[in-house]
1. Cα gyration tensor of the chain, axes a ≥ b ≥ c as square roots of the eigenvalues: rounded (a/c below 1.5), prolate (a/b > b/c) or oblate?
2. Output the relative contact order of the chain, whole-number percent, from Cα pairs under 8 angstrom with separation of 6+ residues.
3. Between 0 and 90 degrees, rounded to the nearest ten: what's the tilt of helix 45-60 against the longest Cα principal axis of the chain?
4. Of the DSSP beta bridges with both residues in the chain, give the percent that are antiparallel, rounding to the nearest 5.
5. Taking the Cα centre of the chain as origin and charging only Cβ (+1 Lys, Arg; -1 Asp, Glu), how large is the dipole, in debye to the nearest 20?
6. Put +1 on the Cβ of every Lys and Arg and -1 on every Asp and Glu Cβ in the chain; which of THR60, GLY91, THR76 then has its Cα farthest towards the positive end of the dipole?
7. Check each of the chymotrypsin sites (Phe, Trp or Tyr not before Pro) in the stretch 1-93 and keep only those in coil by DSSP with at most 13 other C-beta atoms within 10 angstrom; list them in order.
Amino acid sequence: MFPFELKVVSIPVKNNFRAIKNREIALFQGPEGWSEFSPFLEYSSNESAIWLKAAIEAATKPAPKPIRDRVEVNATLPNVKAEEVASILKGFPRLYNRQNKNK
């Protein structure tokens with residue numbers, strides 16, 4: 001049996017991605033804090049198990065000592081025409097503004 005109480009939420013995605021309109025996410029709190037498990041529905045049990053193992057580790061093991069003071073971010077984009085990318089990235093303001101500073 002899973003040793004933690006799960007809270008499952010469904011969050012609408014901002015952009016059409018793989019024809020997915022909502023992401024289902026299992027949230028749980030372990031001794032080291034909150035974690036989430038949200039593989040895509042089409043993933044196999046073996047593939048999903050990797051995600052679950054990582055989520056359990058994050059909730060139950062102390063986080064490693066940081067080796068940097070910041071982490072790069074990314075955005076998963078749908079398959080769109082190149083001229084549509086900038087408008088989609090505006091939905092991720094911290095990423096979009098940083099990219100425009102580098103131009």
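Read-outs: derived from the displayed coordinates by stated rules, not from any lab. Predicted model only: the values in this text are computed from it and were never measured. Cβ atoms come from the backbone with ideal geometry, glycine included; neighbour counts cover every protein chain shown.
1. Oblate, because a/c is 1.5 or more while a/b does not exceed b/c.
2. That works out to 21 percent.
3. Orientation of helix 45-60: about 80 degrees from the principal axis.
4. Around 100 percent of the beta bridges assigned by DSSP in the chain are antiparallel ones.
5. I would put it at about 560 debye.
6. Projecting each Cα onto the dipole axis, the largest value belongs to GLY91.
7. PHE40, TYR43
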